[in-house]
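Encoded as structure tokens, the structure appears first; notes follow it.
The values are calculated or read from the model by the stated rules, or taken from the named source; none is laboratory data. Fair warning: this is a prediction, and the values are worked out from it, not measured in the lab. Please note: Cβ atoms are built from the backbone with ideal geometry, for glycine as well, and neighbour counts cover all protein chains shown.
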Amino acid sequence: MRIFLKVWRQATPRDRGGFVDYTAENISPDMSFLEMLDVVNESLIVKGQDPIAFDSDCREGICGTCGFLVGGVPHGPDPGTSVCQLHMRRFKDDDRLVLEPWRARAFPVLKDLVVDRSAFDRIIQAGGYTSVNVGGAQDANLILVAKTASDKAMDSAACIGCGACVAACKNASAALFTSAKVAHLAFLPQGQPERATRVVAMVERHDAEGFGSCSNEGECEAVCPKEIPITNIAHMNREYLRAMLVTRD
Amino acid sequence: MPSRFRRVLSSSVGTKLLMGLTGAALFVYMLLHLAGNALILAGEDVFNEYSHMLISNPLILPIELGLLAVFLLHVYKAVTMWMSNRAARPVGYLKKELAGHTSRKSLSSSTMIGSGLFILGFVVIHVKQFKFGTFYQVTDSTVRDLYQTEIEVFQNPFWVTVYVLATLLVGLHLRHGFASAFQSLGLDHPLYTRRLTALGVLFALLIGVGLAVIPVWVYFRY
Amino acid sequence: MQLDSKTPGGPLAEKWDRHRFESKLVNPANRRKYTIIIVGTGLAGASAASSLGELGYNVLSFCIQDSPRRAHSIAAQGGINAAKNYQNDGDSIQRLFYDTVKGGDYRSREANVYRLAHLSVNIIDHCVAQGVPFAREYGGLLDNRSFGGAQVSRTFYARGQTGQQLLLGAYQSMMRQVEKGSVKSFSNREMLDVVLIDGQARGIVVRNLNTGAIERYAGHAVLLCTGGYGTAYYLSTNAVNSNVTAAWRAHRRGAFFANPCYTQIHPTCIPVSGTEQSKLTLMSESLRNDGRVWVPRTSGDKRPPKQIPEAERDYYLERRYPSFGNLVPRDVASRNAKAVCDEGRGVGDSGLAVYLDFQDAIERLGDEVIRGRYGNLFDMYSKITDDDPYSVPMRIYPAIHYTMGGLWVDYNLMSTIPGLHVLGEANFADHGANRLGASALMQGLADGYFVIPYTLAHYLGSATLPAVTTDHDAFKASEAAVQERIDLLLSVKGSKTPRQLHRELGGLLWDEVGMARNEAGLRKTLERIPQLRDEFWQNVSVPGPKNNLNKNLEYAGRVADYLEFAEVLTLDALHRQESCGGHFREESQTPDGEALRDDANYSYVAAWEFQEVGKAPHLHKEPLTFEYVKPSQRSYK
């Protein structure tokens, strides 16, 4: 296979950057998309040129490190698939693809396709946990959790924090990311003591980081590699309303 | 730290809650407005009687002011939110495609600010043309002949076009706005969410097309 | 130097309690005066950061990823063991201890393993309190499943994403401490040296991977939680950025490297296809609960699996190991897969694969139940291979997955460098020569949540730690050395990419120091590695700047370290002339091809002391004594 690529190249965070054309030759359909980029990079390195910087780590779709837009869609065209699990058999010979980094004020570009997603850490830091210290826990089976609640919590907790939701959203909102954690803990008895303070703190941090607000379009859900639905966002809104207008702490 | 009240209203989630609440109120108003105006189809007397009943009610002023406040809040929040959303992505994409799959993104959802601003401009003209428009009186009575005003305006094909366009845009706005309000208010359940989305499309058609029928009907009748 | 494991006295079950009582404590008001450097944010690192932060220490946490949440523990799929006996099926701390010592082929320290089994129950309690969404029964109690090497169901799981959920729990706890100010998190930092002052580990030198800046950090103790060295083999189930660099740099500074030849080869991975493959993907061992492993009875049978009648299939694990069947430990399953492929009975285009077939389970339980148990794994499999495992058997083959060897530590998790503690996969401690499934998560969290808070306090309370700053000469010298090495990498300007050289090294190690090893092959490898290393330093190409984000430069530095590390790995495999666990020497097997241990000569931990590059390291032996479990020929028949 041969693929024509138009890739965003930007040497430093302050650099203006621009698109550069590359041709990926001798690509096997069984390669993953990132392996195809590895091949392109190998050819650049041999020529003494700076290879295309892109993030990746586990390459099995769970660490959330990789991600950029392939042909205008975060993580590319396959539903429920991160770009490391996207395979070249999905494309046709001589396809032309534009590769762009996530774009958001809260995700500044560091280099080429690599962006700084530390804003996500700070949202979690604001309240995405239960405040339990090591050592004080009761026996695990003393906390009963209905299977349905546990399953739903797991559905939300499956978020890998890749940032595709932000990239896809026309408002660069991180509502899906934030709500997935809010919902995960709100479903469980362990999350109840901090249920109100958590959602308020996380939403405020979300806003302070410069993410936009949700327009309920569901582009985030459609590109999410874990297919986390925007029902989580409704859940977060509900939790927020309850926290601000019902709870008295 | 700002007061809890201000925090609720200014956060991204709180803003959406306000948008949803004010949107829902405006939606209810639109339903009533459509029902009232549809009386024009029942003839001159019925219509004028209805309009007289409205304006002679002492509660109408506070209700109008309340409606205006809700409307302005909806507009104000929409504009400030749109601006901060724009600021959240200072550099755009060279190529951005619809994600497809389960996405609900539509012409309606992508044009909310545009359709909304158009409607804002339209409402100013609309209120000026009718509420503060030419005052005719029903013969031998103190009742305002709003029917006459309506015929006068809709004799002009230009205004008919503007009104039809505007009401269709209201429909388009509601197409996304109706279901979106429920999502923003956190009202989501497997039982009804999909039905509500379908209902939103129906309401959008009803209000958009229903209101558009009136100027067209008047134009062709007179 | 005499290796002292510092194992406490007394009966096995009381050792840890006794040790905790005898350990020194640090007064709560004094804890914030101690700065603890933690390198790595996987299960061990993140749990250590959160527990030490909670206690009030001043913690500096470093990771090479762009967020602590992305450490490779996140990819662990199957589950975590705990001796809860919630299933009423005969489990106990004693049994988990026994299974783990036996599973490790009697090459681990009894006291460490007992402590691990003992703490396993606390881990589950704590993780549930954190809100980790473990699988539940309808009544609301926790669900369990069984894993290889055990006849009880003691594995707790969160779908096929247990590692992710446990890591997020630890990460969230750590971020809570970041918010409180007791932990400072430094992402995108790669540790390139440990700084020793007066023989004690007092700091680290890191490269800021975003800016290229070399940075110094000083503290009172350093905790290495940097994972294993499986990526030395190039293709492995590890993340592409996992590496041996931090452990290797510590080794070069004096931390002994123990048992590097104990590498775990996981039996159920998606087979290699093509030459540009960058990593191998694991299919959780839990699949062997319902999947049956088979190959055709006759070699060269290339019919599609569905056309091979039942009578012509060889369910070789069930045939050879009737009592454990498909759930034999990983080393046994892997070796058997290799054996049938060597006989020419392997399947797929390459002939290097065996079937893992769910047909019977699907017929028995239905599609939906199987989807509920393994849906995400099946999806992943079909994305990668384009096959549908609901209708066609999976093809699997062993791959490098985990490394039991690591930096030598005593019972307190301290290496041979005072103050340098090593936690999780990076240390050698608890799994002996083979790790049982669902035990890695257990060990990482036991070390971080429940062991290090006590043993570190003891160290801080008993060591003399004069105040030092990063202006100390040792920091300057270390930074200069780090800088020099980076400059050297950039100055070669050769024509081979680091990946080409890494792939070559990995292929060599996989062939000769992989599933089966023999003296001739190991000797050949020991000759070949220095040649490859020379070629690297003469011909590697590392374009791009040093004072900026440069992933190829990071990678080149790691490959340079693999090329040094590979020698001690091979040497250890050569010196250990017995088969045990993941280390299979062809010269040492029973008549029916099982691993044959040599307890008389090799019942010890081999700890290697660095000399210099190209010079053989010194071997130190820590004898292993077994008071409670009598070593016997490991049998799963």
(request) Starting from region C:274-298, take each residue that is away from every other protein chain (no Cβ under 14 Å) and list its partners that are among the polar types (S, T, N, Q) and part of a strand (DSSP E or B), counting only C-beta distances under 9 angstrom and pairs at least six apart or across chains. (result) C:GLU285/C:THR268; C:SER286/C:THR155; C:LEU287/C:THR268; C:ARG288/C:THR268; C:GLY291/C:THR268; C:VAL293/C:THR268
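Could you say which residue among C:ALA247, C:ALA239, C:ALA201, C:ALA258 is assigned by TED's automatic domain parsing to the domain that holds C:ARG69, of a type in the set (A, V, I, L, M, F, W, C) and either modelled with pLDDT under 95 or under 30 Å from A:SER28 (Cβ atoms) (or both)? Talk me through it step by step, then tell me what you get.
Values: C:ALA247 fails: either modelled with pLDDT under 95 or under 30 Å from A:SER28 (Cβ atoms) (or both); C:ALA201 fails: either modelled with pLDDT under 95 or under 30 Å from A:SER28 (Cβ atoms) (or both); C:ALA258 fails: either modelled with pLDDT under 95 or under 30 Å from A:SER28 (Cβ atoms) (or both).
Step by step, each of C:ALA247, C:ALA239, C:ALA201, C:ALA258 is checked, and only C:ALA239 is assigned by TED's automatic domain parsing to the domain that holds C:ARG69, of a type in the set (A, V, I, L, M, F, W, C) and either modelled with pLDDT under 95 or under 30 Å from A:SER28 (Cβ atoms) (or both).
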(request) Output the residues belonging to region A:58-72 that are more than 9 Å from every other protein chain (Cβ to nearest Cβ) and assigned to a loop (DSSP other than H, G, I, E, B). (result) A:CYS66, A:GLY67, A:PHE68
(request) Filter region C:44-63 for residues that are within 13 Å of chain A (Cβ to nearest Cβ), out of contact with any Phe, Trp or Tyr (no Cβ under 7 Å at 6 or more places or on another chain) and assigned to a helix (DSSP H, G or I) and give the result. (result) C:ALA48, C:ALA49, C:SER50, C:LEU52, C:GLY53, C:GLU54, C:LEU55
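Does region C:298-319 contain at least one residue that is closer than 30 Å to C:LYS102 by Cα, hydroxyl-bearing (Ser, Thr, Tyr) and part of a loop (DSSP other than H, G, I, E, B)? Walk me through how you get there before you give the answer.
The first filter runs over region C:298-319 and keeps only residues closer than 30 Å to C:LYS102 by Cα, leaving C:314-319.
Then keep just the ones that are hydroxyl-bearing (Ser, Thr, Tyr); that gives C:315-316.
Now narrow it down to the ones that are part of a loop (DSSP other than H, G, I, E, B): C:315.
Checked against the condition, which is being closer than 30 Å to C:LYS102 by Cα, hydroxyl-bearing (Ser, Thr, Tyr) and part of a loop (DSSP other than H, G, I, E, B), region C:298-319 yields at least one hit.
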(request) Kindly indicate whether any position in region B:4-17 is in contact (Cβ under 8 Å) with a residue 12 or more places away in the chain and surrounded by fewer than 16 Cβ atoms within 10 Å (Cβ to Cβ). (result) no
(message) Looking only at residues that are part of a strand (DSSP E or B) and more than 11 Å from chain A (Cβ to nearest Cβ) in region C:264-273, which one is nearest to C:MET380 (Cα to Cα)?
(response) C:THR268
(request) Only residues that are surrounded by fewer than 17 Cβ atoms within 10 Å (Cβ to Cβ) and more than 7 Å from every other protein chain (Cβ to nearest Cβ): list them for region A:136-150, please. (result) A:GLY136, A:LEU142, A:THR148
(message) Of everything in region A:1-20, what is in a strand (DSSP E or B), over 14 Å from A:LEU113 (Cβ atoms) and not β-branched (Val, Ile, Thr)? Give them in sequence order.
(response) A:PHE4
(request) Output the residue which, of all residues in region A:17-57 that are touching a residue at least 12 places away in the same chain (Cβ under 8 Å) and among the β-branched types (Val, Ile, Thr), is nearest to the other protein chains (Cβ to nearest Cβ). (result) A:VAL39
(message) Among (1) in contact (Cβ under 8 Å) with a residue 60 or more places away in the chain; (2) crowded, with 16+ Cβ neighbours inside 10 Å; (3) under 30 Å from B:ASP140 (Cβ atoms), there is one condition B:TYR50 misses while meeting the rest; what is its number?
(response) (1)
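For region C:493-521, what are the residues that are within 14 Å of chain A (Cβ to nearest Cβ) and among the aliphatic types (A, V, I, L, M)? Even if it seems obvious, please write down each step before you answer.
Keep residues of region C:493-521 that are within 14 Å of chain A (Cβ to nearest Cβ), which gives C:493-504.
Result: C:LEU501, single match.
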(request) For residues that are more than 24 Å from the chain's Cα centre (by Cα), closer than 22 Å to C:GLN130 by Cα and either buried (at least 24 other Cβ atoms within 10 Å of the Cβ) or away from chain A (no Cβ under 13 Å) (or both), tally how many sit in region C:64-91. (result) 0
(message) What's the total number of residues in region C:362-392 that are at negative phi and not in a helix (DSSP H, G or I)?
(response) 6
(message) Quick check on region A:122-134. Is at least one of its residues modelled with pLDDT under 95 and within 30 Å of A:PRO193 (Cα to Cα)?
(response) no
(request) Within region C:142-198, track down each residue that is β-branched (Val, Ile, Thr), within 23 Å of the chain's Cα centre (by Cα) and within 23 Å of C:ARG330 (Cβ to Cβ). (result) C:THR155, C:THR162
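Does C:VAL613 satisfy the criteria of being assigned to a loop (DSSP other than H, G, I, E, B), over 16 Å from C:ARG107 (Cβ atoms) and touching a residue at least 40 places away in the same chain (Cβ under 8 Å)? Before you say what the answer is, go through the steps one by one.
Numbers: assigned to a loop (DSSP other than H, G, I, E, B): yes; over 16 Å from C:ARG107 (Cβ atoms): yes; touching a residue at least 40 places away in the same chain (Cβ under 8 Å): yes.
Here the answer is yes, as C:VAL613 does meet what is asked.
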(message) Condition check: at pLDDT below 95 and closer than 24 Å to C:GLN277 by Cβ. Does A:PRO29 satisfy that?
(response) yes
(request) Within region A:83-106, identify whether any single residue is touching a residue at least 12 places away in the same chain (Cβ under 8 Å), aromatic (Phe, Trp, Tyr) and not assigned by TED's automatic domain parsing to the domain that holds A:ALA201, and answer yes or no. (result) yes
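For the subset of region A:168-197 comprising residues that are of a type in the set (A, V, I, L, M, F, W, C), in a loop (DSSP other than H, G, I, E, B) and facing chain B (nearest Cβ under 10 Å), which member is surrounded by the fewest Cβ atoms within 10 Å (Cβ to Cβ)?
Filtering region A:168-197 for residues of a type in the set (A, V, I, L, M, F, W, C) gives A:168-169, A:172, A:174-177, A:180, A:182-183, A:185-188, A:196.
With the extra rule that they be in a loop (DSSP other than H, G, I, E, B), the set shrinks to A:169, A:172, A:174, A:188.
Pick out the ones that are also facing chain B (nearest Cβ under 10 Å) and you get A:169, A:172, A:174.
Numbers: A:CYS169: 28, A:ALA172: 26, A:ALA174: 32.
So, considering only residues that are of a type in the set (A, V, I, L, M, F, W, C), in a loop (DSSP other than H, G, I, E, B) and facing chain B (nearest Cβ under 10 Å), the one surrounded by the fewest Cβ atoms within 10 Å (Cβ to Cβ) is A:ALA172.
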(request) Show the residue pairs that are 6+ apart or on different chains and have beta-carbon atoms under 9 Å apart, the first residue being within region B:98-120 and within 20 Å of B:MET30 (Cβ to Cβ), the second being among the hydroxyl-bearing types (Ser, Thr, Tyr) and part of a loop (DSSP other than H, G, I, E, B). (result) B:SER109/A:SER215; B:MET112/A:SER215
(message) Just to be sure I understand the filter: pairs with C-beta atoms under 6 Å, separated by 6 or more residues or on different chains, first member in region C:6-33 and modelled with pLDDT of 95 or more, second member among the hydroxyl-bearing types (Ser, Thr, Tyr) and not in a helix (DSSP H, G or I). Which pairs pass?
(response) C:LYS6/C:TYR411; C:THR7/C:TYR411; C:LEU12/C:TYR628; C:ARG31/C:TYR57
(message) Here are the criteria: (1) touching an Asp or Glu at 6+ places or on another chain (Cβ under 9 Å); (2) buried (at least 23 other Cβ atoms within 10 Å of the Cβ); (3) facing another protein chain (nearest Cβ under 9 Å). Tell me which single one A:CYS165 does not satisfy.
(response) (3)
(request) Being at pLDDT 95 or above and within 17 Å of B:LEU32 (Cα to Cα) narrows it down to one of B:LEU172, B:LEU206, B:LEU165, so name that one. (result) B:LEU206
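Filter region C:459-474 for residues that are in a helix (DSSP H, G or I) and farther than 16 Å from C:LEU413 by Cβ; which is nearest to the chain's Cα centre (by Cα)?
Within region C:459-474, the match that is nearest to the chain's Cα centre (by Cα) is C:ALA474.
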(request) Give, as residue ranges, the helices (runs of 4 or more DSSP H) completely inside region B:47-153 that count at least 2 residues that are within 14 Å of chain A (Cβ to nearest Cβ). (result) B:60-87, B:107-110, B:112-129
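How many of the residues in region A:73-86 are hydroxyl-bearing (Ser, Thr, Tyr) and facing another protein chain (nearest Cβ under 9 Å)? Explain how you work it out, then say what you get.
Step one: list which residues in region A:73-86 are hydroxyl-bearing (Ser, Thr, Tyr), which gives A:81-82.
If we keep only those that are facing another protein chain (nearest Cβ under 9 Å) too, we end up with A:81.
The qualifying residues number 1.
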(message) Residue under question is A:ARG89, and the condition is that it be at the interface with chain C (Cβ under 7 Å from one of its Cβ atoms), part of a helix (DSSP H, G or I) and over 30 Å from C:GLY139 (Cβ atoms); does it hold?
(response) yes
(request) Tally the residues that are more than 7 Å from chain C (Cβ to nearest Cβ) and either aromatic (Phe, Trp, Tyr) or in a loop (DSSP other than H, G, I, E, B) (or both), restricting the search to region A:125-135. (result) 1
